[in-house]
1. Against the 2.2 N^0.38 Å scaling, with N counting residues, where does region B:317-367 land? I'd like the Cα-based Rg ratio to two decimal places.
2. By count of other Cβ within 10 Å, fewest leading, how are A:H318, B:H127 ordered?
3. What value in Å³ per residue do you get for the convex hull of the alpha-carbon atoms in chain A?
4. Partner chain Cβ atoms within 10 Å, averaged over the residues of C:320-332 - can you pull that number for me?
5. At a threshold of 8 angstrom on Cα-Cα distance, excluding pairs fewer than six apart, so keeping six or more, what relative contact order does region C:170-326 reach in percent?
6. Beyond 29 Å between alpha-carbons counts as too far, so tell me which of C:K76/D:K48; A:K81/B:K92; D:K121/D:K210; A:K15/A:K172 fall in that bin.
7. Report the relative contact order of region A:77-193, percent, no decimals, based on alpha-carbon pairs under 8 angstrom and at least 6 residues apart.
8. Given a 10 angstrom Cα cut-off, can you work out which residue in D:Q98, D:Q139, D:Q303 is the most mobile in a GNM of chain D?
Number of protein chains: 4
Amino acid sequence: MKTKQDFINRLAKMKRNVYYDGQLIDRTDELQMDCIDTIGTTYDEAAKPENADLMIATSHLTGEKINRYTHVHQNKEDLHKKQDMTRMLCQKVGGCIQRCMGIDGTNAIYNVSYEADKVKKGETNYHENFKKWLIRFQQEDLIAACAQTDTKGDRMLRPAEQPNPGSYVRIKERLKDGIVVEGCKVHISEASVADEVIVLPTRALRPEDKDYAVAFAVPADYEGLTQVATIHNFRPREHYKRGFMGGYTDSYMIFDNCFVPWERVFLAGENDHGGICALLFALFHRHSYSGCKPAIGDVILGQAALAAEVNNIHKEPHVREKLAEIIMTIELGYAAGYTASDLGKPEVYIPGMGFVPYGPGSYIPHSIY
Amino acid sequence: MKTKQDFINRLAKMKRNVYYDGQLIDRTDELQMDCIDTIGTTYDEAAKPENADLMIATSHLTGEKINRYTHVHQNKEDLHKKQDMTRMLCQKVGGCIQRCMGIDGTNAIYNVSYEADKVKKGETNYHENFKKWLIRFQQEDLIAACAQTDTKGDRMLRPAEQPNPGSYVRIKERLKDGIVVEGCKVHISEASVADEVIVLPTRALRPEDKDYAVAFAVPADYEGLTQVATIHNFRPREHYKRGFMGGYTDSYMIFDNCFVPWERVFLAGENDHGGICALLFALFHRHSYSGCKPAIGDVILGQAALAAEVNNIHKEPHVREKLAEIIMTIELGYAAGYTASDLGKPEVYIPGMGFVPYGPGSYIPHSIY
Amino acid sequence: MKTKQDFINRLAKMKRNVYYDGQLIDRTDELQMDCIDTIGTTYDEAAKPENADLMIATSHLTGEKINRYTHVHQNKEDLHKKQDMTRMLCQKVGGCIQRCMGIDGTNAIYNVSYEADKVKKGETNYHENFKKWLIRFQQEDLIAACAQTDTKGDRMLRPAEQPNPGSYVRIKERLKDGIVVEGCKVHISEASVADEVIVLPTRALRPEDKDYAVAFAVPADYEGLTQVATIHNFRPREHYKRGFMGGYTDSYMIFDNCFVPWERVFLAGENDHGGICALLFALFHRHSYSGCKPAIGDVILGQAALAAEVNNIHKEPHVREKLAEIIMTIELGYAAGYTASDLGKPEVYIPGMGFVPYGPGSYIPHSIY
Amino acid sequence: MKTKQDFINRLAKMKRNVYYDGQLIDRTDELQMDCIDTIGTTYDEAAKPENADLMIATSHLTGEKINRYTHVHQNKEDLHKKQDMTRMLCQKVGGCIQRCMGIDGTNAIYNVSYEADKVKKGETNYHENFKKWLIRFQQEDLIAACAQTDTKGDRMLRPAEQPNPGSYVRIKERLKDGIVVEGCKVHISEASVADEVIVLPTRALRPEDKDYAVAFAVPADYEGLTQVATIHNFRPREHYKRGFMGGYTDSYMIFDNCFVPWERVFLAGENDHGGICALLFALFHRHSYSGCKPAIGDVILGQAALAAEVNNIHKEPHVREKLAEIIMTIELGYAAGYTASDLGKPEVYIPGMGFVPYGPGSYIPHSIY
């Protein structure tokens, strides 16, 4: 397992393809450090013995100890721990921990690539290729962004109907060695500080939309990929310094005739599974929310309770009622995620078909909760 | 285990102490049959092999097979099954199944009597007496009402401050063989069709209120106890008969110099545990709600979906949105109960102290959820 | 102006065409008396000098004093008074006063018939015929039901597309002396105790739907009209008698080859105005709601405040907060109606065109509020 | 009537008593210009002939034409116009227009000073003094901040019970020529760009709190008054410039042994009227909200509708439903204010007494709405 410093060292070596305010910037630019510190917390905390149970998992591919943020869930316990790890870390940074996109995208593609191979009956090798990518991802303890949201053009038209074919990221050309993609993904959190970018579809797709059923992973400074970043740092305080100074970035990602070799392509035309991939990432991500939203609620609750106490109104019935309502909202969200974890199975819910087995056996949260 | 017919036979033999509309009525009066049919469902369904897993438990006292409605929860699985049994049966009767007061009151007193004995350091024998009562309750497969809500008098005054000392049920006199109680309990569901009535406190109690810290069980037709019942039956339909015709009753219960022998008294003056008893019954009962409220939601959902389909509007976005909202409400409630079951322990939450071990080891739902 | 007894005498003379529970009943059947008492309040209160300002208007057609429930609004003041009269009377009967359908339908057709005549450029005489009907309605102080809601068949199809052409009330045949209509109107409040029934369309209509753009008035016991009534009476109380015993009825109305002479037809094919008529009745009726809903809120508020007081909790902050919330809801509804009255004009809002002059000059509430 | 430039010239001549970020700043510092531009709009728009009806009033004291923001409401029409003027101007600046504190504080004191004089039976001359202050305020077309919120100390203690007597602004000493006040007012909007500061109480007061029943007006750069300002400007945009660049300031105001001569004191010890003054300012200010909140809603609505249109989803039912909900919220707020204006009278509502005549005859919005 790696350290925050390893992570920074990797970023320092990357090519400059991130624009901020019209300028190409280094990944370790001062502006990005608050965000890097936030993600860095996932390395620092994993190194503490008291967090080992929550943050360290055993790879089902290599048997090695890995950071849970690179793990594919093998059982209910993994789902519970992911939720609890997320809540614990988000409490520490007082907001989004920013590493869940990687674990959620990874788990989605792990399952979808397996099913997509079945469709093509042996012609494709998506799942094995993804496992190779995943082993390196786990061993190097990498950070992945997950690029889902397309620019979408006219919202009333499906991808293949758009006047501008690049309104959704698509396969522009299929070559012997790989595919050429074009299009943009917008508001992609943490892409400017990620090692890898996982790309997957944003919506249900019809057979006509099959060129839009594409999933792949490329390094974040890859040839043919340009990022335009927005950086959300808090304004610094002169007095009453914050306990933790978190930061966030998101990128507008431009894929301009970007060549992706087959070993990094995990879906290329299987439109049904493209739609499932979109939903599955969203499902894993909502499961992350059941950890991070309660954590943010915890922070708000603590702040509200402190403010009430300082004003000596913490015992007043109307204040207690409001605090109780915050707790109720927090814990209903947590309970939904807890139940989704505990009822998790290697199954997905397909409208009209109910729950059906899906993927090679890794665990998926129950989609109702 | 007994049958619905056994239950009816027992009711038929009881003394007449139930007034309805100014008249003493038999317990098996036609007016009460819809309610008896509802509770009877808990016997009929328990007899079906397919429900054995959910509805039949093994007594931790005798090792015998018993109806789960007489069981004291021994582990998480028992809590999960109680929630799921409640949801299943409430779906069948399209509303309240009306046997949860018994199981919830039983579980509350089972724990509280154990702790109250500790306070008196061997002087009292509440817990052993309760276990004796419980063995018969399980073997005879009895129905218990649970009488909690007092008339309360002036809501701004505590029990001992009330101008009328009987505003809350209290110990009027302590005799060698037992206690004399007086006071009324109001809106006591199903008391008019119950075998036994469990009585317990309704609120937190101060040392001054110790005569109000009283819990006991008496037969529902006991000397010194009079019931005034309200009977809630649906009006019968000539056409489009209901699938199941449920009914409900509740009683105003008058304890008038009612003598209760010590072997049926489970708390008599331990005010701290009186307050915990009130909360614990409420906690178990809220856990029941996490089964019955989703069931009622399921019935409403099915009816709404059917109405939408008949009008051919079930695919309209605004209709689907409303159905989705019903599902969300249902399943958040279920998830809260599920999580409370899964995090259940032999512990209660005491404000200011956190979770502390409580009772002889039976399982209590997690009080946050 | 007439009295409640005049009203009852008229009902007593009507032909029997109302079925209840499979039997033809007299209009003055005991079952209908609670409803008749409710409507009768509008006669009794109008006769009291202290209500003259609110309840008595001057007919713009005859200059005579009339009950406001038969009046066409001539200015803002009339709109304000209608709202306040409704609130006052609904407070008295503790619910719906049941005479607003007549005034709302009357005001809608008064305007629509005027505009519809313009479309046909002199061929039709809807407005003059309606005024003749109205003079008698005012002088005889009659009660009108307003029949709007059709059975509607398949909700995804427009009237003319329905497999059953009678899914919406329609003109089946146009004769020299009048029209023949068929179809049903459902849930028509108070039709079983009304003198007259005003029929108007239920939705926007396309040119293809022109046979469904039909408005007319017939006596409630008219040839070709059958009613199947539902009667909603409270169960009588033995003790604690109600201050006022209100009742409600609604009818399923069947028009079976019902001939309506031209002098009672006020719209017959002008589809645009058919749609406006539907909206206009709804608009006047919502204005009525801004009187009756606050009144019902007032009753609930009084009851809640009384219950709080009896329990000595009326000064507790959480109780006061809840009472304040009821008041806020009540008075926001009243304020919306007040503003709609005060900004009322002889104009309607047509989507895409804004407010345009409409009708012969009577006042219409502002449709935003 | 004056111009925006006159306003700026006045500010330029004021003494430096405003601190920002630890430095004394000029009132016309670049940082304050966005805020000054916002308030300046009230001068610019008043000069336009098309706004004369809404923005120009006739002083009831001098008969001269004045900016409505310096006017005391003389009738319902004035209340309507104040609401509509506020909505119109807030639409123009896309947010708070920041001149309502002055008109609301002025109207509150105008009434309260009149009633307070009655209490002292001729000993005091508050109302005449206030009218003198008001004539200059109107003629010079001045800007006033209204300082209400105190630091409050321990929220469970009343003003006179606070360990620190300066937790609420109070009369420290009564001299022959005037009073000496001390204490702080916090979050006082626009005080750093105001000509005058109106000070009034923040809560109901008991006889023991009479030293806290104090209202007065001083120039914003007065001896003994220091301001610590927070300045809320939007960050400037390089591209897509805003149509109007609004800004806001608020001040922490420190009154340190500040001497106020009697002619500028409008309440000094009349505790009942101190409490009414607090409520009355809040009432007038809430009436302002019924103009500004709808305006902000209008801006949000326009933006939402534009965003929907650009994405071609403005005709989708779920989008229309959301837009309709925004409209409903906006117009309910407007209707509440409209009704409060239209039912306005020279009366205030005193809990337990109902509406009672108050003040010398100027109009007060109806407090329920």
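1. Expressed relative to 2.2 N^0.38 Å, the Cα Rg reads 1.70.
2. Placing the least packed residue first, the sequence is A:H318, B:H127.
3. Numbers: hull volume 59.4 nm³, N = 369.
Considering the Cα atoms of chain A, their hull volume per residue is 161 Å³.
4. 2
5. Details: 240 pairs, mean separation 45.1, N = 157.
Relative contact order of region C:170-326: 29 percent.
6. C:K76/D:K48; A:K81/B:K92
7. Values: 102 pairs, mean separation 23.9, N = 117.
Once normalised by length, the contact order is 20 percent.
8. Most flexible of the set in this elastic network: D:Q303.
Laboratory data are not the source of any read-out in this text; all were calculated from the coordinates shown. What you see is a predicted model; the values in this text were computed from it and never measured. No Cβ is skipped: glycine too gets one built from the backbone with ideal geometry, and neighbour counts run over all protein chains shown.
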